[in-house]
1. Output the residues belonging to region A:32-51 that are charged (D, E, K, R), over 18 Å from A:E211 (Cβ atoms) and surrounded by 16 or more Cβ atoms within 10 Å (Cβ to Cβ).
2. Enumerate the pairs (first residue in region B:205-225 and more than 17 Å from A:S128 (Cβ to Cβ); second residue anywhere and modelled with pLDDT under 95 and surrounded by fewer than 24 Cβ atoms within 10 Å (Cβ to Cβ)) with beta-carbon separation below 8 Å, excluding pairs fewer than 6 apart on the same chain, so at least 6 apart or on different chains.
3. Contact list please: Cβ distance under 9 Å, first residue in region B:438-464 and more than 27 Å from B:Q397 (Cβ to Cβ), second residue of a type in the set (G, A, S) and surrounded by 11 or more Cβ atoms within 10 Å (Cβ to Cβ), pairs at least six apart or on different chains.
4. For a quick check of your reading: which strands (runs of 3 or more DSSP E) sit entirely within region B:79-153 and have at least 2 residues that are within 17 Å of B:I234 (Cβ to Cβ), without any contact (Cβ under 8 Å) to a residue 60 or more places away in the chain and in the same structural domain as B:L291 (by TED's automatic domain parsing)?
5. What residue, among those in region A:143-180 that are β-branched (V, I, T) and surrounded by fewer than 24 Cβ atoms within 10 Å (Cβ to Cβ), is farthest from B:E185 (Cα to Cα)?
6. For region B:196-212, state whether one or more residues are within 11 Å of chain A (Cβ to nearest Cβ) and assigned to a helix (DSSP H, G or I).
7. Regarding B:S237, is this residue surrounded by fewer than 21 Cβ atoms within 10 Å (Cβ to Cβ), modelled with pLDDT of 95 or more and either among the hydroxyl-bearing types (S, T, Y) or not in a helix (DSSP H, G or I) (or both)?
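The values are calculated or read from the model by the stated rules, or taken from the named source; none is laboratory data. Treat the numbers as computed from the prediction; the structure is a model and nothing was measured. Please note: Cβ atoms are built from the backbone with ideal geometry, for glycine as well, and neighbour counts cover all protein chains shown.
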Amino acid sequence: MPDSRSAILRQIRTALGRGPLSDSAAAALDARRPAHTRIAFDEDLVERFVARFESRSGTVARVSRLDAIPAAVAAYRQAHGLPPRAAVARPLAGLPWPAGFAHHPGPAGPDEQMSVTPCLAGIAEIGSLMLASGPDSPTTLNFVPDHHLIVLPAGHIVRHFEDAWTLLRALPGGLPRATNIISGPSRTGDVELTIQLGAHGPRSVHVLLVEDGPAAGG
Amino acid sequence: MDVSSPRFKQKAVIALANPTLRQALGQSRKGFVNKRAELVAALPEFEALRDQARDVKNHVLENLDHYLERFDSAVTAAGGHVHWARDAEEARNIILGICERVQARTITKGKSMVSEEVNLNAALEARGYTVVETDLGEYIIQLAKEPPSHIIAPAIHKTKEQVSDLFEAAHGGPRKTTVADLVTEARLVLRDKYFKADVGITGGNYLVAETGSSIIVTNEGNGDLTQTLAKVHIVTSGIERIVPTLEDVSLFLRILARSATGQETETYTTLSTGPRRPGDVDGPEEFHVVLVDNGRSKMLGGKFQDMLRCIRCGACMNHCPVYGAVGGHAYGWVYPGPMGSVLTPLFVGLDATYDLPNACTLNGRCQSVCPVRIPLPELLRELRHQQHQRGISPPVQRRALGVWRFVAERPGLYQFANRLAARALKSLGGRDGRLRHLPFAGGWTALRDLPAPEGKTFLELWHARKA
């Protein structure tokens, strides 16, 4: 079988009327780091993040310190009538969880109702969360349970996408297998463009915003 | 899928007479248009972003070979595999080969227009695989055995009642009648499939050359469940969907959702970079990207290169009065609306698609909203020109144009004919100055009158005023 890769590349070069790029031209393209227009805003990063995230039916609870997370999770659980168990990502396993609260580090199976995960960053520009997959943050925790609780230290909120990419590139293994930018609960408009939450992913995404205290989970 | 574009006129007439379709299209499109307008008005940077997006796409196309090679190396470095498909058949065979090797039974799919383009589902089903579309809109039309009628809202032509009928027939009763209940029913039915799937196939909104990541942008989360829970993840994407760096991704994320659905952002943007890694407890064991050419490289360097900038947002069809009247199915292939009227003739040939470039009023709304500034009306005009040159346009029209040209090249004769016509039409118009019937233009006067000329030509009035 003829090599399709070469055939397509040859056809592209023929159409462009040139041969392969010279090494120096290729190196110049590889060094290209464009600075595109960013969206300007004056608001405080935390306030902007919360306002944008809540505008898409995400919810936010502010907690003062990291060790107050278990109480905030319990309050959420009770408000939604959920049983005392969850998939809790490894970096959060050491928090003072109450006796009787069962948790495991994932993956999340079909019966999982709730997960609690860290995140790499909040992005203030549009009020989204960025999660990096790995043993400490399994991807199923982000999509399978009905309720996804995300721990976000206020200091992890960055201004623009570009700032989030910088954090991503700095991870020890480079880009993770899955980078999930999550902007609220799952939704669909596929029936008569009526917005309905909880299409396939979580019906509810709840941010636990840690206003003070050490950074969690990366 | 089969090309039914030659029947555009019949299908358009049927669509115009369908009150259910009118109702479905009317409600939905207004939502897209209004929400986009609100967001664009609130973003002073939007026009600058469009310019930059156009420029980045042009830059990528000028260096497409380089960026594709970089992407290939980066995917391989991340432990994934890149496959190159020159045409639809090769794309299907690559995917069938992977499914066969891993002994797949159930295949879940996120929304992918390229998989529609290469007619993948039929090929998979013919081999006995169970294929489940997981995007709610795609799932609805899979049940209805119909092609998508819109590139981002595939079931936009269906009303809630029609969806209720389809679900009742497929899932058994009791019949669900609210949108909430319908969505929940689909959620429960599809949950099972994600966990059972051997292969998950998604599209790719962007392929990042720098990192070897493929990106999907969705609202439902179905694409993420598809690619996370299946043992093997296959991405199907056109070769033109490359962007060089993550910085370029930010640019396109700022314009895509605003242009497409009138959202500030879609709910999920996911970058997939290779398969499951050591220590990972979930994620696919294999990661494949199928790069599909299928006619794209031939558009490079020619009059239609601008069309390769398209990011498949659907803004052009949301704003097109013709699409709004006839819906997506009349166009007869995978891509409807203005972008489809350019792409379909280029992908499936000028002969079978005569009506598409002509079903356009050249009003320019599509171009005015296109986030990457594709000059769609110009491209449609160029297609008409090529149809004429290749003798595809109807003989009557060609003869009429020949006569017009003969006259127009002779100014004396032209002015004489003009004077004659102006006077004749004035007298035909009678006292109220309206023409109710016109020879050779019965279609035009069937629904409205033509105002009759005043009796003097422009040049006559001009000379009279100068004298």
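1. A:R38
2. Pairs found: B:T211/A:G174.
3. B:E454/B:A422; B:E454/B:G433; B:G455/B:A422; B:K456/B:A422; B:E460/B:A422
4. B:130-133
5. So the residue we want is A:T166.
6. Yes.
7. Criteria not met by B:S237.
Quick grid of which residues meet (1) of a type outside the set (D, E); (2) touching a Leu at 6+ places or on another chain (Cβ under 6 Å); (3) over 22 Å from B:C310 (Cβ atoms):
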{"site": "B:I95", "(1), (2), (3)": "yes, no, yes"}
{"site": "B:I98", "(1), (2), (3)": "yes, no, yes"}
{"site": "B:R101", "(1), (2), (3)": "yes, no, yes"}
{"site": "B:K111", "(1), (2), (3)": "yes, no, no"}
{"site": "B:G128", "(1), (2), (3)": "yes, no, yes"}
{"site": "B:G137", "(1), (2), (3)": "yes, no, no"}
{"site": "B:G172", "(1), (2), (3)": "yes, no, yes"}
{"site": "B:E185", "(1), (2), (3)": "no, no, yes"}
